[in-house]
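Please treat every number below as a calculation from the coordinates, not as lab data. Because the structure is a prediction, the values reported are computed rather than measured. Backbone-built Cβ (ideal geometry, glycine too); neighbour counts: all protein chains shown.
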Amino acid sequence: MYCLIAAEAAIFTIFVVAYLFYIGKSVSGPKPKDVLHAPIFYTVCLLASSFTIHAAVRKLVAGSMAAFARLWVLTILLGGTFLFGTAREWVHLIFQDGLTVNTNLFGTTYYSLVGLHAFHVTMGLVALITVALFYFAARLRGEHAQRLEVLSMYWHFVDAVWVVVFTIVYVVGV
């Protein structure tokens, strides 16, 4: 997992640098300040999911399966809510603001960076849902806690990356 995170961090670094390089270089609009609104609620949901996944794994280690399941499902719901917020923002940007990947450099770099993150959230949710299915099929036991700790490292990485992406896109880039 450390190697995967290092490789993914390198990829995100390239996308962040590209976004920063092209800020303000679009010759046509819309510009970030015209169309972007910081997704505070959805960001809080994603960041909260780091706490719930950590607590879920701790409950599994302690043998509290029902508490694990509640926290794990809550993590999925929080991650899903974040992804819904990203989709909602994109629908608004595309259909109301006319910003697509082909509109200008801002559109290209914005959708590339935020889309890369959304892809990672989606893959994380697939893994989280798979674990939930194992739980509900009564195939998950305390001895699997170490594997779930590894999965939670990925989820924490995705959350940490969002802090960087949020800062670059919604604070620095507007």
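Couple of notes before you dig in:
- Folded to 0 to 90 degrees: helix 2-22 orientation relative to the chain principal axis, Cα: 20
- For segment 99-166: rounded, prolate or oblate by the Cα gyration tensor [a/c cutoff 1.5]: prolate
- Mean Cα-pair separation over length for the chain, i.e. relative contact order, pairs under 8 Å, 6 or more apart, %: 35
- Extension gain from ARG147 to VAL44, taking 0.36 nm per residue of separation minus the Cα-Cα distance: 34.5 nm
- Nearest 10 degrees, 0 to 90: helix 145-166 Cα axis against the chain principal axis: 20
- Measuring between their Cα centroids, segment 113-146 and segment 1-70 lie 15 Å from each other.
- As a calculated quantity, the FRET efficiency between CYS3 and ILE94 at R0 = 35 Å, using C-beta atoms, amounts to about 0.45.
- Separation of the PHE134 and ASN102 label points, Cα + 7 Å toward Cβ, nm: 4.3
- Each peptide among 165-172, 49-56 gets the average number of other Cβ atoms lying within 10 Å of its residues, and from highest to lowest they stand as 49-56, 165-172.
- Each of VAL126 and LYS25 was given a label point 7 Å from its Cα along the Cα-to-Cβ line. The distance between the two points is 3.2 nm.
- Listed values for segment 63-73 are Karplus-derived 3J(HN,Hα) couplings in whole Hz (6.51 cos²θ - 1.76 cosθ + 1.60, θ = phi - 60°), namely x, 8, 5, 5, 5, 4, 4, 4, 5, 5, 5, and x replaces Gly and Pro.
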